[in-house]
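Each remark here refers to the structure printed beneath this line.
Each value in this text was obtained by applying a stated rule to the coordinates, not by laboratory testing. Since we're looking at a predicted model, the values are computed, not measured. When we count neighbours, we look across all protein chains shown, and the Cβ atoms used for this are built from the backbone with ideal geometry, even at glycine.
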Amino acid sequence: MAAEAMAPAESFGPSGRRRRDPRRIRRAGVISAAGRLRIDRSGRSIDTGRSAGTARPAASAGPELMRIDAPAFWIFVVPDYEGGRLSSHDRDVFGAARRLADRDGGAVVAVVFETGEDLGVAGADRVIRFDDEHYAGYAPEARTAALEAVRQQLAPRHVLLPDTTVAGGDLGRRLAAGLGEAPATRVHRLRPDEAVARGDGERSDYSRRPPQIVLLAPECDEPVSDAYCYEARPIDAPEVAEVTPGVHDQGLLPVDPGAVPLAEADFVVSAGNGVTDWDAFHALAKALGAAEGGSRVVCDAGSLPRERQVGASGTLIEARCYLAFGISGAPQHLQGIARCEKVVAVNTDLHAEMVKRSDLSAIKDAQQVMPALTRLIEAEARET
């Protein structure tokens with residue numbers, strides 16, 4: 001077993017032909033939100049070399065730092081980057097951008113409107129940041145003007161955005177309308193000569209040559225491997241003519257977390273068969289301002305409504321934080337949380353699958369943890 005684990009995914013035979021180990025390649029795959037195995041066929045997760053113009057430093061203990069000093073062209077990525085954090089959808093878009101850039105010696109430029117987490121890990125060679133007050137919140141006119149300014153400055157081959165309802169989808173369509181071109185929308189597969197999008201009620205695929213503006217669906221590509229880190233070299237933002245906004249952001253309206261659909265919730269507190277104190281569960285969810293979810297067993301028993309079921313037979317969620325109480329972690333449930341950024345599990349079973357999946361675990365009875373956590377949140381609220 002040790003020898004097999006150390007074996008490379010690719011090697012060369014006596015004749016010089018490349019030989020692949022399918023078992024190693026399969027183990028390099030990840031599970032998609034739909035529960036299917038997704039295998040990185042781009043070669044990024046296998047040490048096979050990079051495109052021309054990319055310098056490869058000597059191997060080190062951490063990720064390799066990739067530098068592209070003289071790119072042949074630019075690919076823009078405009079992530080949603082909400083709160084200075086990349087969503088899983090943003091990372092998929094960066095993966096698609098790297099596929100386009102790496103093929104012909106290009107480089108990826110991230111254009112963002114906030115400060116936040118490192119974009120080099122996501123795959124950005126350069127970063128242009130507009131972070132003054134004119135671009136804060138919902139400012140579509142100002143952001144469109146800024147994008148047009150950098151587009152004219154660098155003349156990118158493509159501008160890629162996540163096809164989301166408010167941020168990327170709105171911004172991309174505004175930019176395309178200003179250019180007088182039809183963007184490619186809901187694209188789930190992007191190649192240099194083809195953009196494939198879903199239509200006809202998700203029953204058909206439509207293919208076209210990629211236009212300059214491409215709006216990408218979730219899981220359009222694999223995120224960049226954590227074996228690589230890109231330079232994310234800052235580029236000075238160009239001067240942008242001041243725009244008189246027609247839309248003024250008045251902030252977010254208060255929303256009842258219980259009314260938020262699970263698929264759209266950022267924070268989900270979920271209950272499994274190990275939860276018996278439902279008053280404590282509801283009180284904790286309210287104190288955290290989180291949406292409630294549950295396993296199939298809980299919903300079958302009527303403890304939570306059916307629309308609150310998380311899993312392959314319920315709702316696939318993409319929450320930034322998923323807090324699971326007393327959930328063992330059946331495969332169907334784990335498929336439902338595959339795209340959650342952080343998972344916290346509270347369970348009495350150290351060997352539960354949910355504990356193995358989690359980023360942080362507390363091996364404790366949920367009935368003890370829930371009221372204690374609620375008291376702590378309420379005490380902090382009184383102090384502030």
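Per residue, the convex hull spanned by the alpha carbons of the stretch 148-226 comes to 118 Å³. Only lysines eight or more places from Lys286 in sequence, or on another chain, were considered; those with a Cα closer than 24 Å are Lys342, Lys364.
One way to sum up the overall shape of the stretch 257-379 is the equivalent ellipsoid from its Cα gyration tensor, whose semi-axes run 18, 16, 14 Å, largest first. What is the local net charge at Cys321, summed over the other residues whose Cβ is closer than 15 Å to its Cβ (Lys, Arg +1; Asp, Glu -1)? For residues surrounding Cys321, the net value is -2. Counting Lys and Arg as +1 and Asp and Glu as -1 over every other residue whose Cβ lies under 11 Å from the Cβ of Pro183, the net charge comes to +2. Scoring 127-133, 272-278, 299-305, 184-190 by mean Cβ neighbours within 10 Å over their residues and listing the highest first yields 184-190, 272-278, 127-133, 299-305. Relative protection proxy for 164-177, 310-323, 203-216, 244-257, from highest mean packing down: 310-323, 164-177, 203-216, 244-257 (other beta-carbon atoms within 10 angstrom). Summing +1 for each Lys or Arg and -1 for each Asp or Glu among the other residues whose beta-carbon sits under 13 angstrom from that of Asp365 gives -1. Taking amide H positions as modeled 1.01 Å from N, with prolines and chain starts lacking one, the residues under 5 Å from Ile213 and 5 or more places away or on another chain are Val159, Ala184. Placing a pseudo-label 7 Å from each Cα along the Cα-to-Cβ vector at Arg191 and Gln250 gives an inter-label distance of 4.9 nm.
Overall form of the stretch 64-234: rounded. Here a/c, set by the Cα gyration tensor axes a ≥ b ≥ c, is under 1.5. Rounded to the nearest 20, the Cβ-based charge dipole of the stretch 64-234 about its Cα centre (Lys and Arg +1, Asp and Glu -1) stands at 560 debye. Across the stretch 201-330, Cα-Cα pairs more than 27 Å apart make up 49 percent of the total.
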